[in-house]
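A.B. asks: The structure follows.
Every number in this text was worked out from the coordinates using simple rules, so none of it is lab data. Everything numeric in this text was worked out from a predicted model, so none of it was measured. Here Cβ is always computed from backbone atoms with ideal geometry, including for glycine, and neighbour counts include all displayed protein chains.
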Amino acid sequence: MSQPTPDQLELRGLSQAEARARLQAEGANELPASRRRNLFGIALGVVREPMFLLLLAAGSIYLLLGDVGDALMLLGFVCAVMAITIYQEYKTERVLEALRDLTSPRALVVRDGIERRIAGREVARGDLLVLAEGDRVPADAVLVSCNDFAADESLLTGESVAVRKVAATDPMADAAVAAPGGDDLPFIYSGTLVVQGRGMARVLATGPRSKIGNIGKSLQGLAVEATPLQNEIGGLVRKLAIIGVLLSLLLMVVYSVARGDWLHGLLSGITLAMSILPEEYPVVLAVFMAMGAWRISRHQVLTRRVPTVEALGSATVLCVDKTGTLTQNRMEVQQLVAGNAAFAVSAALAPLPEAFHELVEFAILASETAPFDPMEKAILALGTRHLADTEHLHLDWMLAHEYSLSPYLLAHSHVWRARGRDEHVVATKGAPEAVADLCHFDAAQLASLDEQVNALAAQGMRVLGVAKAGYRGKEWPGIQHDFEFEFLGLIGLADPVRPTVAAALDECHAAGIRVVMITGDYPATASAVAGQIGLEADSGSIISGAELNRMDDAELRERIRHSNIFARMAPEQKLRLVSALKANGEVVAMTGDGVNDAPALKAAHIGIAMGARGTDVAREASALVLLDDDFASIVRAVRLGRGIFDNLRKAMAYIFAVHIPIVGLSLMPLLVGWPPVFAPVHIVFLEMIINPACSIAFEAEPAESGVMRRPPRNPQEPLFGQRTLLLSMLQGVLVLLAALAVLGYALQHDASETQARALAFSALVIGNLGLILVNRSWQHTILGTLGSRNPALWWVAGGAFAFLLLALTVPFLRAVFHFGVITPQQFALSVAAGLGSVLWFELYKLVRR
């Protein structure tokens, strides 16, 4: 059976039956993606976290032991935290699904000789696509026919300038799809955008077999890493749990042997275990991360993986993709050159000098009347802004003929029937050397033109030449060279830098965050953009993709310490750069919106995808999504991340400090022969203070001043550094000594066991509240933090103090807590001891400052 001709293919395309058969055999035209999680799947993932399993086990043990109040409190708190986490992740998944739906393209295909509009996922290999300006290409294909066809392939190449396309000489041949990038190829690629012309193309590859799908598949080999803090907290919880079990067993045995009372020995061991059990650590970590993600989302940053919130504040390197991240991914006229005169176009609406009016006029005439090409859009916008009230805009002229761009002459001409003239007007624009050829430049003119073009190119601009001609003939010339063109000048266009980037980079530098630009663009363009935004680079330190290929991993790790700009990078090279930075001990954040960024986004500690312009693959790979695509939002997120980590460290330090007197008062009286201070009800009361304090009050604390004027936390530095650990231990020991002193004083002065318990417990609660207040800030005193708004803290502190007074004065509660009646003078002694045990930290702050 003979193959159908291209003409027959153009008429018929695939049949519906053929398309269905191929879709069934090869699968839908969809990208590789993570499995979408429903509500049950999200909940199951949260419940299976080891930290939550530890909490559930602890609550269940309390329940089996009959300590219903403590068990219900613990399990209820776990359920609340789980609800917050599940809601946050469920909301995140729903937003991402909405973004996927918005970016899912539809396709116009010819089947059975009829044009049909179908979902992009239903496109099959062999389908005939009908494409026009503005269409998103649904699959890799070869052009059967086209007219003035150009595509934006920046998602795959990182280059924002559109590339020309030509029809294949043999569209029925099953040739391998060439790599994207470069002009005059017949291949078009899934996910790219048609910016000019019309065409018909035969589909060669769909879904995971396309170029965009190949990059998506490479993500599946990369595992998502647990953050260093998760590992550290997990290890701390395990160590404290082991210590708690051993001490509880030891106390139970010692108490039972010494006093011959195994029942009370068991109760004492259980009480000690309850006091040591580190349930607050995983709860606090989960609450801080979930609430942190919620706070960051209010600044247009969506958190896909909640644990990355803590890593955000410790980022040391921020790798940014130029196109669409530092720049706006659109073209803008920046420079006009007419003769020896030049004019820098600004957004300040400065009037356009008369000498440049004709240049802009004919650049518009050489463009489409309703352009989709970014450069033609920019030229039309410039003319509309500056020539609206002049005679240089010709909305009433009729297009009579046009000459298309060709591989042999990179210039495009429009012939206009001008009202009120007896000749046609010809306008052309294109590559400067092509327009110069049409104008028959001599050697001296070409040398002068080269100098002007190179000067603009060195500033990162795309340069177009513009010329005009008149024509009185009746038959159109076969080639553009037959017109008598007059050169008018040059237009320099560039992808403008986002206005917020320079200030955001300054803040990054002040915060000690190194910014690295990784782009698929040319070194000259990358250098020009770096100069505009203030990104520092040593002379000759720009590394190209070709240069990187010649380096081994060791050399790359050394060179990357001193280079901030990497140009002409392929996707796998971006991944290699991120890996080299990680090998150097950096905490890497990577931003990007294109498919070419996706592997590096997933490999980085913190992948940040653009939400508006980003692709499905980029969002699937990222930990954070910028909903407004504003680079400055990253800096706000870093600021919040640092504040969240600071507050987390304060909360963890408080937990460590407050458990020392609790454990000491559970253990010491029994070892020295004093009556026990604690029963399970006392531990429950203390937990009702500790849990809200560390998980709500500290989480809501505003960030310290100067949080963005200090270097990032050393990635190797633990949450509990030596200084933090010693200070927390000293805080806890002094509160313990104060409570023991009150207990010993009461017993020595003939106070009853219940009175001594009430006094010691009161001193401990007041010391606990003091620890909350002094740990609000490690820079400012309590008086200095009174101006910081934190209603949650005062509710916690006020509620705890009020409940303590009720427990001391209401007979029913006194009986529940086994307290005796104490006088106001005795209570004042406990208050003084509790506050005195923490005030030394205020003096420490003043001395250290």
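A.B. asks: Kindly state, to the nearest 0.05, the FRET efficiency for Ser448 paired with Arg117, given R0 = 60 Å and r defined as their beta-carbon distance.
C.D. replies: E(calc), rounded to 0.05, equals 0.70.
A.B. asks: Let me make sure I get this right: for the stretch 730-806, a, b and c are the square roots of the gyration tensor eigenvalues over alpha carbons, sorted descending. Under 1.5 in a/c it's rounded, otherwise prolate if a/b > b/c, else oblate. Which is it?
C.D. replies: In terms of gyration-tensor shape, oblate.
A.B. asks: Give me the lysines in straight-line cross-link reach of Lys574: C-alpha distance below 23 Å, same-chain residues under 8 apart excluded.
C.D. replies: Of all the lysines, those that pass the test against Lys574 - Cα under 23 Å, at least 8 places apart if same chain - are Lys211, Lys217, Lys322, Lys582, Lys602.
A.B. asks: In nm, give the distance between the simple-model label positions of Glu536 and Trp476, each being 7 Å from the Cα along the Cα-to-Cβ direction.
C.D. replies: For the pair Glu536/Trp476, the computed spacing is 5.8 nm.
A.B. asks: Another question, if that's okay. Ranked from highest to lowest mean number of other Cβ atoms within 10 Å per residue, what is the order of the peptides 646-659, 501-514, 440-453?
C.D. replies: The peptides rank, most packed first, as 646-659, 501-514, 440-453.
A.B. asks: From the Cα gyration tensor of the stretch 364-509, with a ≥ b ≥ c the square roots of its eigenvalues, which class applies: rounded if a/c is under 1.5, or else prolate if a/b is larger than b/c, or else oblate?
C.D. replies: Oblate, since a/c reaches 1.5 and b/c is not below a/b.
A.B. asks: If I take every Cα pair under 8 Å that is 6 or more residues apart in the stretch 705-823, average their sequence separation and divide by the length, what percent do I get for the relative contact order?
C.D. replies: Over the stretch 705-823, the number comes to 26 percent.
A.B. asks: Continuing with the same structure: For the stretch 767-849, what does the relative contact order come out to in percent, with C-alpha contacts under 8 Å and a separation of six or more?
C.D. replies: Relative contact order here is 50 percent.
A.B. asks: Please give every one of the lysines within straight-line cross-link reach of Lys468, meaning a C-alpha to C-alpha distance under 19 Å, and leave out same-chain neighbours fewer than 8 residues apart.
C.D. replies: Lys468 reaches Lys429.
A.B. asks: Fully extended, how many nm does the chain gain between Glu18 and Ala355 (0.36 nm per residue separation, minus their Cα-Cα distance)?
C.D. replies: 115.2 nm
A.B. asks: Between Met729 and Ala828, what FRET efficiency comes out of the Förster formula 1/(1 + (r/R0)^6) with R0 = 30 Å and r the beta carbon distance, rounded to 0.05?
C.D. replies: 0.60
A.B. asks: At a Cα cut-off below 26 Å, give the lysines reachable from Lys650, other chains included and same-chain residues fewer than 8 away excluded.
C.D. replies: Within reach: Lys239, Lys845.
A.B. asks: Taking 7 Å along the Cα-to-C-beta vector as the label spot, tell me the Val47-Thr169 distance in nanometres, rounded to one decimal.
C.D. replies: With each label point 7 Å from Cα toward Cβ, the separation is 6.5 nm.
A.B. asks: So, one more: When ranked by the protection proxy of mean other Cβ atoms within 10 Å per residue, highest first, what sequence do the peptides 389-401, 629-641 form?
C.D. replies: 629-641, 389-401
A.B. asks: Distance between Cα centroids, the stretch 341-380 to the stretch 636-650: provide it in whole Å.
C.D. replies: If you average the Cα positions of each part, the centres end up 47 Å apart.
A.B. asks: Which of the peptides 770-781, 402-413 is most tightly packed, and how do the rest follow, going by the mean number of other Cβ atoms within 10 Å of each residue?
C.D. replies: Ranking the peptides 770-781, 402-413 by packing returns 770-781, 402-413.
A.B. asks: Starting at the first residue of the stretch 113-119, write each ³J(HN,Hα) from the Karplus equation 6.51 cos²θ - 1.76 cosθ + 1.60 with θ = phi - 60°, in whole Hz, x for Gly and Pro.
C.D. replies: For the stretch 113-119, the Karplus-derived couplings read x, 10, 6, 9, 8, 10, 5 Hz, x marking Gly and Pro.
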